[in-house]
1. Within segment 222-315, list the trypsin sites (Lys or Arg not before Pro) lying in a DSSP loop whose Cβ has at most 13 other Cβ atoms in a 10 Å radius.
2. Work out how much length R28 to D216 would gain on full extension: take 0.36 nm times their residue separation and subtract the Cα-Cα distance, in nm to one decimal.
3. Under the 0.36 nm per residue contour assumption, what length would be gained going from the current alpha-carbon distance of N313 and M74 to full extension?
4. Please give the per residue accessible area of the chain, computed with a probe of 1.4 Å over protein heavy atoms only, in Å².
5. Not counting ligands, DNA or RNA, and with a 1.4 Å probe, what is F277's accessible surface area in Å² rounded to the nearest 10?
6. Which whole-Hz couplings ³J(HN,Hα) result when phi for each residue of segment 141-157 is put into the Karplus expression 6.51 cos²θ - 1.76 cosθ + 1.60, θ = phi - 60°, listed in order with x for Gly and Pro?
7. Given a 1.4 Å probe and the protein chains all in place, what does the accessible area of S250 round to, in Å² to the nearest 10?
8. Between F268 and D90, what is the label-to-label distance in nm when each label sits 7 Å out along the Cα-to-Cβ direction?
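The values are calculated or read from the model by the stated rules, or taken from the named source; none is laboratory data. All values reported here derive from a predicted model rather than from experimental measurement. When we count neighbours, we look across all protein chains shown, and the Cβ atoms used for this are built from the backbone with ideal geometry, even at glycine. Each accessible area value is taken on the protein alone, full model and side chains, heavy atoms only, with ligands, DNA and RNA left out. Shrake-Rupley method; radii C 1.70, N 1.55, O 1.52, S 1.80 Å.
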Amino acid sequence: MAQASLDPHYFELASGHTIPSVGLGTWRSGSKASDAVRTAVAGYRHIDTAAEYGVQEEVGAGLQSAMQAGVDRMQLFITSKLWSEDLSPDRVRNALKNTLKELKLDYLDLYLIHWPFHLKQGASTPPREGELLDFDMEGVWREMEKLVRDKLVKDIGVSNFTITKLNKLLQFAEIKPSVCQIEMHPGWRNDKMLEACKKNGIHVTAYSPLGSSEGDRDLIHDPTVMKVARKLNRTPGQVLVRWALQRGTSVIPKSTHDGRIKENIQVFGWEIPDEEFKALSSIKEQRRALDGEMLFVNKEAGPYKSVAELWDNED
Ligand code: NDP
Ligand code: 1BO
């Protein structure tokens with residue numbers, strides 16, 4: 001059963017491994033990713049990246065510097081993700097090997113299915129007719145399980161799954177997903193998904209915890225968040241990261257600015273009191289920053305003709 005560990009810097013996974021509570025996000029970090037990783041490893045132990053972010057070589061360079069400076073690989077927790085164009089059983093292992101090569105690592109701590117939608121190689125954004133293919137979930141998962149058995153990855157998991165898709169996966173998984181990475185912040189609490197994961201012993205990592213640079217969900221300037229931050233004498237970023245921790249999720253804020261990277265991890269040794277936690281958890285406007293429409297919806301040809309269909313009409 002996934003649970004909070006006694007050390008607040010880590011959560012325990014059902015596999016018996018631990019995941020650091022706060023990690024550095026790297027989506028849209030571009031050429032600044034190496035420096036961001038170098039800054040981060042002074043306090044962070046978890047780096048979240050993905051083949052699709054196009055920054056794995058930069059992340060790898062940052063990790064190499066850190067390790068040359070004395071950080072032990074065993075102390076680091078590196079997550080990457082299998083992109084949708086590689087979402088077929090015959091492509092999984094090569095995709096992982098390419099990721100390891102770019103990161104200059106010989107294993108990952110966590111490998112996730114990035115999105116549960118299979119894109120044809122070279123598909124457009126948004127996909128044209130015929131560019132979304134069938135997703136053989138069981139075949140892909142079997143290959144992910146083999147990566148664990150071959151010690152190329154320590155844990156496997158999913159991202160952007162719905163309860164429907166999670167239940168389907170759990171029916172055949174021999175190795176259960178340790179982690180589900182999903183959008184979560186006070187402006188998109190996603191309570192039902194959090195509950196479903198907890199019930200199944202799956203740890204949740206909250207992505208876009210600050211509301212993301214994507215979309216228009218700027219939580220840093222949300223009046224409730226700002227009010228709580230003023231009251232607690234913390235920054236809005238710290239309040240948002242701390243809120244995620246108090247929900248029992250690990251959390252991966254992204255920044256390429258040294259000051260913010262350091263600020264976002266000053267979230268231990270203090271708490272958001274009940275009243276303020278409830279206020280943050282009651283923000284009325286609940287809406288995703290990243291709904292997947294641009295990536296996977298084709299309104300005319302489908303197979304997903306709307307955002308609601310992507311999320312199995314669960315919202
Ligand atoms: P975040 O919610 O982490 O927000 C990042 C934005 O906030 C950037 O514009 C950043 O700017 C800014 N920022 C960071 N810290 C502060 C601060 N203290 N005060 C004010 N602004 C701040 O967004 P992301 O969408 O990047 O999510 C985080 C990570 O989660 C991603 O980088 C990625 O690793 C992962 N993710 C995973 C997804 C998935 O499909 N599995 C989807 C989306 C994200 P700046 O860099 O200039 O500081
Ligand atoms: C392009 C993928 C969305 C961020 O994980």
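1. Values: sites: K227, R230, K231, R234, R242, R247, K254, R260, K262, K278, K284, R287, R288, K299, K305; in loops: R234, R247, K284, R287, R288, K299, K305.
Passing both the DSSP loop test and the Cβ count: K284, R287, K299, K305.
2. Working: separation 188, 0.36 × 188 = 67.68 nm, distance 1.60 nm.
So the extension gain works out to 66.1 nm.
3. Result for the pair: 82.0 nm of gain on full extension.
4. Working: 14040 Å² over 315 residues.
It amounts to 45 Å² per residue over the chain.
5. Here the accessible area works out near 40 Å².
6. 5, 4, 5, 4, 4, 5, 5, 5, 4, 8, 6, 8, 9, 7, 9, 10, x
7. Probe radius 1.4 Å; accessible area of S250 about 0 Å².
8. Going by the 7 Å Cα→Cβ label model, 4.7 nm.
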